[in-house]
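Following: one structure in structure tokens, then a few remarks.
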Amino acid sequence: MSETATPAKTEKKRAINRLKSMYPLRNLVQQDYIDTLQASNEGKPTVWSMLNYWEGDLPLKAMGLNIVYPENYATLLAASGAAEPFLDASDSDGFPNHMCGYGRATIGYSYRMMKENGGKIPPEAPLGGMAKPALLLGSGIICDARFKWFQALARYFDAPEWCLEMPMMATFEGTEPDLEEYQVKFLTREIKDFIEFLEKLLKKKMDWARLEELIVLATQIHETNYQINEARKAIPGPMHSTDFWSSMPPSLFFAGDMKVSLKLYQDMLAEVQERVKNKESGINYPERYRIIFAELPPWHSLKFFDSLAEKGWNFVFESFGYHNTRPIDLSKVNDPCEKLARFARNFWFNIFPEAKKDNISNPVVETYLKIARGFKADGFFMHPLISCRAASCSLRTVQHFEQEKLDIPSLWVEGDIIDKRVFNPQEVLAKAEAFEQTMDHYRKVRKSKGLDW
Amino acid sequence: MVIATTKGLSRAHEIYTDRGLRVRELRKAGKKIVGYVCLYPPVEIISALGLVPFRVFGDMSEPITAADQVSITVVCPFLRSIIDLGLKGKFNFLDGIVGAHTCDIGMTLIISWRDYVKDAPFTHLIDVPHTDHAPAVDYFEGQINSFKRHIEEFAGEKLTDDKLKKACELHNKQRKLVRELYDLRKSDPPLLTSIENVEVLIAISSLPVDEGNELLEDVIREIKSRSIKPPRKKARLLVWGPVFDNTSLYQLIENADANVVIDDTCVGTRAFWADVKAPYNLHALAQRYLVDIKCPRTYRDSCHQELERNYDKDLDSRFNYIKKAITDWKVNGAILQSVKYCDTHGYEVPNLRHYLDTLGIPSIYIEHDYSERSLAPIKTRVEAFLETLD
Amino acid sequence: MHNLISHLYFAGIDIGSTMSKAAVVDDEGKMLAYVVGPTGAEHRLYANKLMEDLLSKAGLTLADIAYIISTGYGRVNVPFADKQITELTCHAKGVAALFPEVKTAIDIGGQDAKVLKIKNGRLVDFLTNDKCAAGTGRFLEVTAETLGLELNEMGRLSLQTDSPVKINSLCTIFAQQEIISRLSEGELLPDILAGVYIAIATRVVKLARQLKVEMPVVFTGGVAKNAGMVKAMETVLGVPVLVPEEPLITGCLGAAILARDEAFKLVQRGEYEGHRDKKLTEARIDFGDKSK
């Protein structure tokens, strides 16, 4: 089941039509790693941060901190096939092996750095590894692992830790009339306290003007992304999911210089819009099926999508949790902490009114229904993960509602984010044949019910 | 009025075996039964409004046959069992179910219940912040208030300060009685077994608070007046971990020549150790539930705002309540148990074991999938662990 | 009080999931004889037979045995045993009797694997894998079947190479598919076999590392008779391992030694009841139900 090299590559065309504008964005992230490492070697304090949906990213950047995202680093470990020794190290230190792959990789990395390499970066860590943290920024958003594993890192590092918060709810409770106000109040206070803490830690004051500047840039980056997502709805789909996954860090956690990444996203928008005009597809084969991917990709086996592209499977949209929503107008908000609170909260809560109207109790379901309609999906590729419950637990319900409300079928493919040993590409390709027939059938059903795709 | 024909430990056993026994009777008599999952829904509010709180558990002996239609398999088997039972109509005596965002899957459970289960049509999900910071406590108070408003509608009456005070006092009384029950295991040998203890605690969680208090008083009296004392065993153990609502594990341990004298689980001490403090208002509830309950799902920030996180200090701050239990109950070994796929507890294990090491308490970690057959391999490990305590 | 110094002996019987073994030691803990046989389905009947064989091999009768300890998966099914002790404790004891300096013991059985931490001859910590066939003797059996080879042949062949093929599959069944694909891709049989042994060793050593492997390391279990497996263990561990002459019997040997210890303890406390006139029967009627 290992990936064999494609024979006669020169004769075969590339399956996925990669956007030119994706490459500089990807390089920005890689360069960012190298710059971060360089900066830590020069003594600049490094923060290990969890994805915090921008609550923490912007204050950290405004304070000029060097930030590393272990979750993202773990995907690099997976993609470069180097994750196993770190996963094993985590197991050997007594952590259960059913835990989040990113968590295992980070814990394993920390163990090897501190217990086996005397505090130095493990030599085989790709891209120069992650520097020892001076601060750990955990987050309770999305899942328990994300704050529990940082808490567990006290075993290896004496670095102080902070845990950021974000409420998570079901539709009914999430649309209570007074909820927004007291949630924003809560988040604003937390962010304020967090910034006070950073000031104490770094012995310098927050540069509020800089923070405001970054918030403006953040809004612009997100607006641009939103436009790209809208443009991606075209038929044929102009941008394949793999391009998104390769270029998302600058919008997901504002990796790199935000002025630079804003420009690069604007370039990407232009390129996508150009493709739409020319009806150019994200794959180099005729688009036979428009597929939505949920939720987290198999970082270790991204080349696998080439085989599906050759069958005309165009992955037109993916991973709602990695995107942003259209940014809200924050001009009437004065307090920058409140701005951040509203900015971050908006991503999770903006779907609630629609979910309430449609009487859908799980907001993730409503999000994917909206996506399926917007992108005129033929099928869902559901990828539940053995180590990530949070990103997998709603998938059954999404599957049911997509079938029930929109007659869109789903292909269920189990795997893991990091551990490639549990993913079986041959099996998927075999199932794909049958699934095409299912998708053909439901196309007819949808048409018969008056839907236009 | 229905008079219970059995009393004390027999009554506890009766209800442990058929947990809906009493609430079904009450429902027939016109009472509304509100189920709750986990420790974070404030039962005081439920009781104060004249409703009967009923703690919802899974069933270890029921094979999971329906849950896979709505849930992926790699999730907490205890919660999977609950949704499985819900789908099969086994909770048809509930008028409502309340859950809290105590863990990812705990939250998903209530959402799925809403989508797929017909029984218990009143549902509510309380969001619980992850930390115990001051702004979090205030936010949680807001959530409790939202819950209060919703359940007032359902109950058809308003919550008054007086009703809430009375309910807090009754529930605090129950906690005090439970602590008295636990005191009976401080002696060597303990005056009751952990099996009896679990049955009593499950029973009171399946009864209205006043009936639970009566049962506890009967049980304590009964135990104190027993002439036959249980045998002395060399090992005095603490059992730690998430909910284990079945006597089978305790049976297994006690058969292997050990006494479980205290626990840190949510069937046991986590549920009953902390009282609601005066004034008995929503803020006091928020404080009790978010801050005073010691469960790994809450990030108890030992070094909040500090510029360094000292490992030993952090561990001590998080776990010194266990140290106290070990000292007061003269514990000489610990069994850490958890279900497969529980992240909340899984991440704690190496650090907790390290802490126990520093206290000189040997420990073993066992993982199971909340099914009776998963206990067989555990038997050997527990026995071998006890053999190392020689 | 009975005088145990001269003519009495102590026995240990280990009913494993695949193989059953029994041993008898004298009052100094020296082993007189041992027997090994396949367990089969009827533990109780088999325990009787095994004991009869042991006695006959040692030239003793049941009356000569002062104390008997049963261990292993089927330990509750030995009606004539005086006490049951887990195989974890017994293995540790047996290994320490053969190698007094041992710190880590690794046992790969037919259906499970155990790692034992031993300090001053006593078990202090342990880990087991009993959920998955991949790190056990079963993996080898299945592979032997797939390739139409005898287990011994597999071992010998694997020693012919120094470049094992990496087997990726975590699962015994999927690994068979992988082995067949690699063969069809032209990989050499010895390389693949060496890879299989490395795969098993890797699984087990992973478990071992959770307890921090300290030397000397002793390797036991039926699988330890296989030179290819021993080589793989040493390669993956990075340190040499010691293998007893008969790696299957450390459990029952330890049980026998513990039987001696237990009997001596009881004698000292004045609690030894004497060996009853035990008869081996096919049912457990005479001795009461010891299987609690």
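The values are calculated or read from the model by the stated rules, or taken from the named source; none is laboratory data. Keep in mind that what you see is a predicted model, and the values were worked out from it rather than measured. Note that each Cβ is placed from the backbone with ideal geometry, even for glycine, and that neighbours are counted across all protein chains shown.
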| field | Of residues in region A:293-330 being assigned to a strand (DSSP E or B) and not hydrophobic (A, V, I, L, M, F, W, C), the one surrounded by the fewest Cβ atoms within 10 Å (Cβ to Cβ) | value | A:Glu318
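Within region B:336-347, is there a residue that is in a loop (DSSP other than H, G, I, E, B), modelled with pLDDT of 95 or more and out of contact with any Leu (no Cβ under 9 Å at 6 or more places or on another chain)? Spell out the reasoning first.
If we filter region B:336-347 for residues that are in a loop (DSSP other than H, G, I, E, B), which is where we start, we get B:340-342, B:347.
Those left that are additionally modelled with pLDDT of 95 or more: none.
No, region B:336-347 contains no residue that is in a loop (DSSP other than H, G, I, E, B), modelled with pLDDT of 95 or more and out of contact with any Leu (no Cβ under 9 Å at 6 or more places or on another chain).
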| task | Go through region B:65-80 and give me each residue that's touching a residue at least 24 places away in the same chain (Cβ under 8 Å), more than 7 Å from every other protein chain (Cβ to nearest Cβ) and not in a helix (DSSP H, G or I). | result | B:Cys76
| task | With the condition kept exactly as written, say whether any residue in region A:94-104 is at pLDDT 90 or above, surrounded by 20 or more Cβ atoms within 10 Å (Cβ to Cβ), more than 9 Å from every other protein chain (Cβ to nearest Cβ) and under 20 Å from A:Ser139 (Cα atoms). | result | yes
| Among the numbered criteria (1) in contact with a helix residue (DSSP H, G or I) (Cβ under 6 Å, 6 or more places away or on another chain); (2) surrounded by fewer than 24 Cβ atoms within 10 Å (Cβ to Cβ); (3) over 29 Å from B:Ser146 (Cα atoms); (4) among the hydrophobic types (A, V, I, L, M, F, W, C), which single criterion is violated by B:Val70? | (3)
| Residue among B:Val117, B:Val34, B:Val52 that is over 20 Å from A:Asn362 (Cα atoms), touching a Gly at 6+ places or on another chain (Cβ under 6 Å) and aliphatic (A, V, I, L, M) | B:Val34
| message | With more than 12 Å from chain B (Cβ to nearest Cβ), farther than 30 Å from C:Cys171 by Cα and assigned to a loop (DSSP other than H, G, I, E, B) as the only criterion, which of A:Ile418, A:Ile408 stands out? | response | A:Ile408
| query | Pairs under 7 Å by beta carbon, first residue closer than 26 Å to B:Tyr139 by Cα in region A:191-206, partner of a type in the set (Asp, Glu) and not in a helix (DSSP H, G or I), six or more apart or different chains? | reply | A:Ile191/A:Glu55
| Looking at region B:346-361, is at least one residue touching an Asp or Glu at 6+ places or on another chain (Cβ under 8 Å) and within 20 Å of B:Leu252 (Cβ to Cβ)? | no
| field | Lone unmet requirement of (1) under 23 Å from C:Asp261 (Cβ atoms); (2) charged (D, E, K, R); (3) modelled with pLDDT of 90 or more for C:Asp53 | value | (1)
| request: Look through region B:348-359, keep the residues that are within 7 Å of chain A (Cβ to nearest Cβ) and touching a residue at least 12 places away in the same chain (Cβ under 8 Å), and return whichever of them is nearest to the chain's Cα centre (by Cα). | output: B:Val349
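In region A:197-209, which residues are assigned to a helix (DSSP H, G or I) and either within 16 Å of A:Ser331 (Cα to Cα) or hydrophobic (A, V, I, L, M, F, W, C) (or both)? Quick ask: steps written out before the conclusion?
At the first step, the residues of region A:197-209 found to be assigned to a helix (DSSP H, G or I) are A:197-202, A:208-209.
Within region A:197-209, A:Phe197, A:Leu198, A:Leu201, A:Leu202, A:Trp208, A:Ala209 qualify.
Could you list all residues from region C:212-224 that are in a loop (DSSP other than H, G, I, E, B) and more than 9 Å from every other protein chain (Cβ to nearest Cβ)? Full working, then the answer.
So the first thing to find is which residues in region C:212-224 are in a loop (DSSP other than H, G, I, E, B), and the list is C:212-216, C:221.
Within region C:212-224, C:Val213, C:Glu214, C:Met215, C:Pro216, C:Gly221 meet the criteria.
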| task | Please specify each residue of region B:106-126 satisfying the condition of being in contact (Cβ under 8 Å) with a residue 60 or more places away in the chain and of a type in the set (Val, Ile, Thr). | result | B:Ile110, B:Ile126
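Yes/no per residue for (1) among the polar types (S, T, N, Q); (2) farther than 13 Å from C:Ile15 by Cα; (3) in contact (Cβ under 8 Å) with a residue 12 or more places away in the chain; (4) crowded, with 24+ Cβ neighbours inside 10 Å:
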site: C:Thr71; (1), (2), (3), (4): yes, no, yes, yes
site: C:Gly74; (1), (2), (3), (4): no, no, yes, no
site: C:Asn77; (1), (2), (3), (4): yes, no, yes, no
site: C:Cys90; (1), (2), (3), (4): no, no, yes, yes
site: C:Ala97; (1), (2), (3), (4): no, yes, yes, no
site: C:Ala105; (1), (2), (3), (4): no, yes, yes, yes
site: C:Lys114; (1), (2), (3), (4): no, yes, yes, yes
site: C:Lys117; (1), (2), (3), (4): no, yes, yes, no
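Kindly indicate whether any position in region C:90-106 is among the basic types (Lys, Arg), on the phi < 0 side of the Ramachandran plot, more than 14 Å from chain B (Cβ to nearest Cβ) and outside any helix (DSSP H, G or I).
yes
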| note | For region A:156-189 the number of residues that are in contact with a strand residue (DSSP E or B) (Cβ under 9 Å, 6 or more places away or on another chain), more than 7 Å from chain B (Cβ to nearest Cβ) and in a loop (DSSP other than H, G, I, E, B) is 2
| field | Meets criteria (farther than 30 Å from B:Ile228 by Cα, within 13 Å of chain A (Cβ to nearest Cβ) and outside any helix (DSSP H, G or I)) for B:Val137 | value | no
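Just the residues that are of a type in the set (Lys, Arg) and over 20 Å from B:Val23 (Cβ atoms), please, taken from region B:47-85. Before you say what the answer is, go through the steps one by one.
Step one: of region B:47-85, the residues of a type in the set (Lys, Arg) are B:55, B:80.
Of everything in region B:47-85, just one residue is of a type in the set (Lys, Arg) and over 20 Å from B:Val23 (Cβ atoms), namely B:Arg80.
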| query | Got a number for residues in region B:300-324 being of a type outside the set (Lys, Arg), crowded, with 19+ Cβ neighbours inside 10 Å and either farther than 13 Å from B:Asn351 by Cβ or touching a Pro at 6+ places or on another chain (Cβ under 7 Å) (or both)? | reply | 1
| Of the numbered conditions (1) in contact (Cβ under 8 Å) with a residue 12 or more places away in the chain; (2) in a loop (DSSP other than H, G, I, E, B), B:Ser187 satisfies every one except a single condition; which is it? | (1)
| Could you count how many residues in region A:122-144 are more than 13 Å from chain B (Cβ to nearest Cβ) and assigned to a loop (DSSP other than H, G, I, E, B)? | 8
| How many of the residues in region A:206-233 are under 18 Å from A:Asn284 (Cα atoms) and surrounded by 21 or more Cβ atoms within 10 Å (Cβ to Cβ)? | 1
| field | So C:Arg138, is it touching a residue at least 40 places away in the same chain (Cβ under 8 Å) and of a type in the set (Lys, Arg) | value | no
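Quick check on region A:28-44. Is at least one of its residues among the basic types (Lys, Arg) and modelled with pLDDT under 90?
Initial filter on region A:28-44 (among the basic types (Lys, Arg)): A:44.
The next check asks that each one be modelled with pLDDT under 90; those that pass are A:44.
Looking for residues that are among the basic types (Lys, Arg) and modelled with pLDDT under 90, one finds at least one in region A:28-44, hence yes.
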| message | Which condition from (1) within 26 Å of A:Asp243 (Cα to Cα); (2) modelled with pLDDT of 85 or more; (3) in a helix (DSSP H, G or I) is the one that A:Leu60 breaks? | response | (1)
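Return the total of residues in region B:46-73 being closer than 23 Å to A:Gln403 by Cα and either of a type outside the set (S, T, N, Q) or under 16 Å from the mean Cα position of the chain (by Cα) (or both).
Total satisfying the criteria: 5.
Here is a yes/no grid of residues against (1) part of a helix (DSSP H, G or I); (2) more than 21 Å from the chain's Cα centre (by Cα); (3) assigned by TED's automatic domain parsing to the domain that holds C:Ala113:
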site	(1), (2), (3)
C:Arg138	yes, no, yes
C:Gln160	no, yes, yes
C:Pro164	no, yes, yes
C:Leu170	no, yes, yes
C:Ile180	yes, yes, yes
C:Ile192	yes, yes, yes
C:Val205	yes, no, yes
